[in-house]
Amino acid sequence: MNIKNQFTGLNKVIRTTTILISFCCGLVFSSYAEDQTPDLGIDIDLMNFMEETNDSLTSNISLMNRDGALEDVVLLNELFVMLEEHFAEIGDYPEGARLAKKSTTLTAQLNDAITTDNYNNATKLGIELSNACKSCHEKFK
Amino acid sequence: MNKNRRSFIKNGSLGLGAAATSGLMPGVGLPGVSTAFASELAEPLAPKQPHYPGKVKSVIWLHQNGAPSSMDLFDRKPMLEKMAGKPIPPSFLEGLTVATKGGLGNLWVDKNRTWKQYGESGAWFSDLLPNLAKHADDMTFIKSSKTIGATHNISIIKLNTGELTPGRPSLGAWVSYALGSGNPDLPSYIVMYNRSQPRGGPVNWSSGFLPAAYQGTTFLSGSSPILFLNRPDLVSAAQQKNSLELLRNLDIKGLAQRHSDTELQARIRSYELAERMQYAAPEAVDLGKESEATKEMYGLNDSTSKGYGNLLLRARRLVERGVKFIHIVSGSPEGETQVVDWDAHSNLPRNHGIMAKMVDKPIAGLLTDLKARGLLDTTLVVWASEFGRTPWGESGNGRDHNPWGYTQWMAGGGLKKGFSYGETDELGLKVADPSFAVDTYDIHATVLHLLGLDHLRTTYVHNGRAERPTVNFGKIVTDILA
């Protein structure tokens, strides 16, 4: 079972708790890490999971799979909101906070586009979201 | 198992059985099998319509293996000349993690390098490319290229497939899949190199998860370009025909049991194609009828440029014969033992002196020849590289890898000619304005667009997921389009 299935197979409460624990684990590990810049306290498995979800979203948009795309985008929106809050909490990373906020906005716009079956717009927004992810990873890898 | 599923499997199995027993080969009827399915199975390389009329019919993808230094060929940097010998100012390194093996040295330039502007466009060329420089007004520069990774293996794979790890189809395979073949007697996607393959080898022209029929076919040097293509002397034409028929019948039986085995389908196709290619391929690469003037134009009269020139002259002949995607990897000149590619970590003057001489006249000749034959308007020539090189020196007079900012260029149909897009910073290290950055996905999206393909609509469902050539990225560089 891949990590996406591990997460999405759980109900919402357990899933959210698991994701929060991932953040916390990242924070605990980061407090022990020595002089690694920048250490954002974000669990790598969580990032991989978000990337997987984004891959799935892109595919579902291409296939015009409304239900699958909506499930992916709602999940991503939740995660980006948490990421945004996390950046606000740790401070000092305005570029990370900006990209997380941009991603939250994009996922909200994606939700609208998919809900209205505007797959052309959803495809373009999906590329923007992927680019935002890439920019963040280039900055903080 | 519910009724629908049961009947689906039953009908599907019977359909395939009928197809197999009726002979799933061209010219044989296929009752019970949908046209699209039969067409895909029997003739995967049949010509297909693009999404919209393309500007070009063929692509010549010139991979400059080893990564040439843009700032020694096209991207003149006066500030680098002034600051040579000094450390790079920290402001230029902001946001970069320099993890390349050579570390951070002082800025360096070759003191013997000279520069000149050419054509009405006034494009700068160094003294290393005197022949190509004459085509300044035919070329479209992308001086804000960037990529990911700082090692050849992964960046070459990304250049060709869009991903850092092997497994995805190369750009040529996507073109082959989306457009089919322009000549039933030749592969639609041909790969050539002089002397050496790039790092990673055939994964760079793989069909990845696409059916194997779409992978690149390697053409070797010599009169018989495809390994083991020729019929052995002791086998008559009739014997070969009988053997192939027997093999075909056995393969069809195998196909009935393993209908999703695209390797087997590709093998059936390849035997048939091979039979036709026994005649077509040697003729396509036979330069015997080319004039001495043409050969000279491609640099065939010079030992340094002869091997590469030979490939480019073949490329023109393949374009004339309708081959869609010709992927040429720059190797090294015949007899050269020290310089094997553009990877100049040390002694860049010698390395680039040899490599530039190897490619300069042949590429200039190719552009001249295509133009003279009226083919440049329907062909796209792409100078592509896995990354560029750093403005700081390595080992005294070499340069390290630079994925943050470098130059690639295109020439051909549908482009603004004599045009330059984007720029690097004053030292040639990073793309100056990130909003102008052109990643490999963007190059792929643009090439596909010029062929009439929308990269967002060029999809293939693999493991339940819709995949496309530009992964999750890609934007067409519209500013360079005519």
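Here, each number is a calculation from the coordinates, and none is a lab measurement. Computed from a predicted model, the values in this text were never measured in an experiment. As a convention, Cβ positions derive from the backbone with ideal geometry for all residues, glycine included, and neighbour counts pool all protein chains shown.
Observations on the model:
- Multiplying the residue separation of B:ALA482 and B:ALA372 by 0.36 nm and subtracting their alpha-carbon distance yields 37.5 nm.
- Taking a point 7 Å out from the Cα of B:SER270 in the direction of its Cβ, the residues of the stretch B:194-208 whose backbone N falls within less than 14 Å of it are B:202-203, B:205-208.
- Gyration tensor (alpha-carbon) shape descriptor, the stretch B:231-285, a/c threshold 1.5: oblate
- Dipole magnitude for chain B: computed about the Cα centre from +1 point charges on Lys and Arg Cβ and -1 point charges on Asp and Glu Cβ, it is near 1040 debye.
- As a calculated quantity, the FRET efficiency between A:ASN48 and B:LYS416 at R0 = 60 Å, using C-beta atoms, amounts to about 0.90.
- Label-point separation in nm, B:PHE436 to B:LYS111, each point 7 Å along Cα→Cβ: 3.3
- Residue among B:LEU273, B:LEU255, B:SER243 farthest towards the positive dipole end of the stretch B:231-285, charges placed on Cβ: B:LEU255
- Cα gyration tensor, the protein assembly as shown - rounded (a/c under 1.5), prolate or oblate: oblate
- Longest DSSP-loop-exposure-free segment, GluC sites (Glu not before Pro), chain B, at most 12 other Cβ within 10 Å: B:121-482
- Dipole of the protein assembly as shown [Lys/Arg +1, Asp/Glu -1 at C-beta], most positive-end residue of A:LEU110, B:PRO211, B:MET355: B:PRO211
- Dipole magnitude of the stretch B:355-482, debye to nearest 20 (Cβ charges: Lys/Arg +1, Asp/Glu -1, about Cα centre): 440
- Cβ-placed point charges (K, R +1; D, E -1), dipole of the protein assembly as shown about Cα centre in debye, nearest 20: 1540
- For the stretch B:196-238: rounded, prolate or oblate by the Cα gyration tensor [a/c cutoff 1.5]: oblate
- Built amide H within the under 5 Å cut-off of B:TRP115, gap 5+: none
- Residues of the stretch A:100-140 with amide N under 17 Å of a point placed 7 Å along Cα→Cβ from A:ARG66: A:110-123
- Of the DSSP H helices in chain B, those whose Cα atoms cover at least 18 Å axially and whose Kyte score averages 0.0 or more: B:348-372
- Over 25 Å between alpha carbons, listed pairs A:LYS134/B:LYS143; B:LYS116/B:LYS475; B:LYS116/B:LYS158; B:LYS158/B:LYS295: B:LYS116/B:LYS475; B:LYS116/B:LYS158; B:LYS158/B:LYS295
- Paramagnetic label zone (point 7 Å from Cα along Cα-to-C-beta, B:GLN338; backbone N under 17 Å) in the stretch B:391-413: B:394-399
- Residues whose placed amide H lies under 5 Å from that of B:ALA123, excluding near-sequence neighbours: B:TYR118
- In summary, the aspartates and glutamates within cross-link reach of A:LYS101, defined as a Cα separation below 14 angstrom excluding same-chain residues under 8 places away, comprise A:GLU78, A:GLU84, A:GLU85, A:GLU89, A:GLU128.
- Efficiency of FRET between B:LEU227 and B:SER260 - r from beta-carbon atoms, R0 22 angstrom, step 0.05: 0.20
- Near the amide H of B:THR390, within less than 5 Å, lie the amide hydrogens of B:ASP400, B:HIS401, B:ASN402, all on another chain or at least 5 residues away, with H placed in the peptide plane.
- For the stretch B:209-226, the Karplus equation 6.51 cos²θ - 1.76 cosθ + 1.60, evaluated at θ = phi - 60°, returns couplings of 8, 6, x, 4, 4, 8, 6, x, 9, 7, 9, 8, 6, x, 6, 10, x, 10 Hz by residue, with Gly and Pro reported as x.
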